[in-house]
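Asks: First the structure, which I've put down as structure tokens, then a few questions once you've had a look.
Readers should treat all values here as calculations from the given coordinates under stated rules, not as data from a laboratory. These figures come from a predicted structure and were not determined experimentally. With ideal geometry, Cβ positions are generated from the backbone for all residues, glycine too; neighbour counts draw on all protein chains shown.
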2 protein chains.
Amino acid sequence: MSDRHGSLISVRPDVKVVDCTLRDGGLVNNFRFTDAFVRDLYLANIKAGVDYMEFGYKASKEIFNPDNFGKWKFCNEEDIRAIVGDNNTDMKISVMADVGRTDFKKDIIDRKDSVIDMIRIATYINTIPAAIEMIEDAHEKGYETTVNIMAVSKVNDADLQAGLEMLAQSNVDVIYLVDSFGAFYPEQVERLTNRYMQIAQKYNKTIGIHAHNNQQLAFANTIEALSRGASYLDATVSGMGRGAGNCYMELLLSFLRNPKYNKVAIMSFVEKHILPLKEEGVVWGFDIPYMLTGTLNAHPSTAIQFIKEKRKDYAMFYQELIDDAL
Amino acid sequence: MSDRHGSLISVRPDVKVVDCTLRDGGLVNNFRFTDAFVRDLYLANIKAGVDYMEFGYKASKEIFNPDNFGKWKFCNEEDIRAIVGDNNTDMKISVMADVGRTDFKKDIIDRKDSVIDMIRIATYINTIPAAIEMIEDAHEKGYETTVNIMAVSKVNDADLQAGLEMLAQSNVDVIYLVDSFGAFYPEQVERLTNRYMQIAQKYNKTIGIHAHNNQQLAFANTIEALSRGASYLDATVSGMGRGAGNCYMELLLSFLRNPKYNKVAIMSFVEKHILPLKEEGVVWGFDIPYMLTGTLNAHPSTAIQFIKEKRKDYAMFYQELIDDAL
């Protein structure tokens, strides 16, 4: 057990829980949440002891037409403030910005003028220089920063090592291990987290984990990364997120032993807002098509389409996926 | 990695997959499966390369009135044969018998006269001598045997060690680690499997794993036990089983690398039989109430009742559970 950080019954003071319900869940419903949903989630997260609440993306309005999305795709300063005021709470606020899909120089204002605390930068392995430009911009503006290297299950070891070294030499605070396709087993998360931690320890960085539930492993992979040293833990209420969704906040808060965390507030939010959302027909969560894209290390888009079309011919879908992969 | 058995890309020849859909799934619908369901499952399991198919229980007809249950609660020889004939296949057939709830001396006939290959004996820690009596009876009748020590999450270390030693000195072939309440994290499964494996290696026994999905960890715990040396792996189609259900057969077969395993046959069975069953309103699988009993290491019966009553007041239910636990 000597290689595990902490025990199953103790508190790890470095742990931070990040709620991504609006951001990853927004991919399910085009960010069209009611204000009541967002406000109640904000209040529930505060009660639950969540450390960061991510409100959505800072997407470019030149690329994405605001008429086609809810406001959390863009996270205007005034829209966040309409929910949180000056956010005089212990919970911090984050937004995500994708490399190449954001007008960060214009749309991300100085932190002293913003209610946002942390900018999370999502990048692929081949856009790390652009990510570093965004990191440094946000850092200079006074923000905490994370970088989320997506789709690492498709990245070869040498490239990953080089990318991690580049990022670790930037001013980023947290480097995230992201299992975009829900392709990893806990044994792989163990190896990868150990690798990220080596870099983190060398450059005094912190590691985070963002998992997907294609193989019902989002929670297992999150606590595996945690026990290998990851500190920033992403979760969403009832796992709401694209395709198979994410690590359930309910499960994560049940697992953590810090008495500041309180899953009851989240469960009451589920009763009030998530169950009605599901009854309206908003669909996410583990299903066989996502398992298939996960095991094939493929983007879930084909599985999302399969489910949208209400197809059930799993065997044929699997053949189509294998054809695509060849 | 040196403490793991096998790798993520190799075949472990000791692995045996046990389908418990009728047995654990029967707890959901009182064993009332149609003959078409059972026959198609049998054929799907053969195609899928499943090693053992469990047909149900050998329950006492003096305790349980056959009018109140489907036939797989009792697994009469002629009922199994009506599905499988002489079972001239590579797949073996098992049934489960609970200590104290079976007339094993009468109802379990000699293996040479039976189409059953393996008797699985379910016991609590305090009925191990009775379990050993059943093991020896089944062994003398010519059967392969397993013993499944239930609810070990409630057993103290000294009792577990003593119980394992007693069982290891019997003629049982396989000793199962059973997470009855879905209470274990993979880290605990690692420790427990290592412990079971120490006994197994000393007495030349084999270890099995039977997991429940209360915390979305049934699959993760199954592959954790596997990688620590467990060989007999229980799963059910779409996780069908009491409460939160079991490890999904679809996931397990996706994970295993032996080319004899074929998840496509199982997915087609899901399309034909499991989706209609769910549409009829047969309910199982992960839900918040099962998470709560799992994390409290409690029997799922209260959660099953909560869901049957269509209650949604999770916070109040949690308070009731905590009261019960005190």
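Asks: Run the simple label-point estimate for residue A:204 and residue A:46 please: 7 Å along Cα→C-beta, distance reported in nm.
Replies: Calculated label separation equals 3.4 nm.
Asks: A follow-up question, please. Mind checking the mean number of beta-carbon atoms from other chains within 10 Å of the Cβ atoms in A:263-271?
Replies: Average per residue, whole number: 5.
Asks: So, one more: More than 29 angstrom separation, counting every C-alpha pair in the range A:16-279; what % is that?
Replies: Cα-Cα pairs of the range A:16-279 separated by over 29 Å account for 25 percent.
Asks: Give a residue-ordered list of calculated ³J(HN,Hα) values for the range B:171-177 (Karplus: 6.51 cos²θ - 1.76 cosθ + 1.60, θ = phi - 60°; whole Hz; x for Gly, Pro).
Replies: Result, ordered by residue: 8, 5, 8, 10, 10, 9, 7 Hz.
Asks: Give the long-range amide H neighbours of residue B:59: residues separated by 5 or more places, or on another chain, with amide H under 5 Å away, using H modelled in the peptide plane at 1.01 Å from N.
Replies: Amide H neighbours of residue B:59: B:74.
Asks: On alpha-carbon atoms, Rg over Rh for the protein assembly as shown using Kirkwood Rh?
Replies: 0.99
Asks: May I pose another question? For a 26 Å ceiling on Cα separation, which of these pairs sit above it: A:71/A:260; A:263/B:310; A:308/B:272; A:73/A:106?
Replies: As for pairs spanning more than 26 Å Cα to Cα, those are A:71/A:260.
Asks: So, one more: For the residue pair residue A:5 and residue B:171, what label-to-label distance in nm results when each label sits 7 Å from Cα along the Cα-to-beta-carbon direction?
Replies: Output for this residue pair reads 5.3 nm.
Asks: I'd like to verify something in chain B: which complete DSSP H helices, judged by Cα projection on the helix axis, reach 15 Å or more and average at least 1.0 on the Kyte-Doolittle scale?
Replies: Helices passing the filter in chain B: none found.
Asks: Sticking with this structure for a sec: How well do other chains shield peptide B:213-224, expressed as the mean number of their Cβ atoms within 10 Å of each residue Cβ?
Replies: 5
Asks: Taking amide H atoms as placed 1.01 Å from N in the peptide plane, list the residues 5 or more away in sequence, or in a different chain, whose amide H sits under 5 Å from that of residue B:70.
Replies: B:31, B:32
Asks: Between residue A:319 and residue A:88, what is the label-point separation in nm under the 7 Å Cα-to-beta-carbon projection?
Replies: 6.6 nm
Asks: While we're on this one: Answer with one residue from A:259, A:249, A:286: the one whose Cα lies farthest towards the positive end of the charge dipole of the range A:247-300, charges on Cβ with Lys, Arg +1 and Asp, Glu -1.
Replies: Of the options given, the answer is A:259.
Asks: Around residue A:121, which amide H atoms from residues at least 5 apart in sequence, or from another chain, sit under 5 Å from its own amide H, with H modelled in the peptide plane?
Replies: The answer is A:97, A:146, A:147, A:148.
Asks: For the range B:16-279, what relative contact order do you get, as a whole percent, if you take Cα pairs closer than 8 Å and at least 6 residues apart?
Replies: This gives 19 percent for the range B:16-279.
Asks: What FRET efficiency do you get for residue B:258 and residue A:103 if R0 is 51 Å and r is their Cβ-Cβ distance, rounded to the nearest 0.05?
Replies: On the way: r = 52 Å, r/R0 = 1.02.
Computed FRET efficiency for residue B:258 and residue A:103 comes out at 0.50.
Asks: About the Cα centre of the range B:16-279, how large is the charge dipole given +1 on each Lys and Arg Cβ and -1 on each Asp and Glu Cβ? Please answer in debye to the nearest 20.
Replies: Dipole magnitude for the range B:16-279 comes out near 400 debye.
Asks: Of A:34, A:84, A:64, which is farthest on the positive side of the dipole of the range A:7-132, counting Cα position, with +1 on Lys and Arg Cβ, -1 on Asp and Glu Cβ, and the Cα centre as origin?
Replies: Among A:34, A:84, A:64, the one farthest towards the positive end of the dipole of the range A:7-132 is A:64.
Asks: What number, in percent, do you get for the relative contact order of the range B:176-326 if the mean sequence gap of Cα pairs under 8 Å and at least 6 apart is divided by its residue count?
Replies: 23 percent
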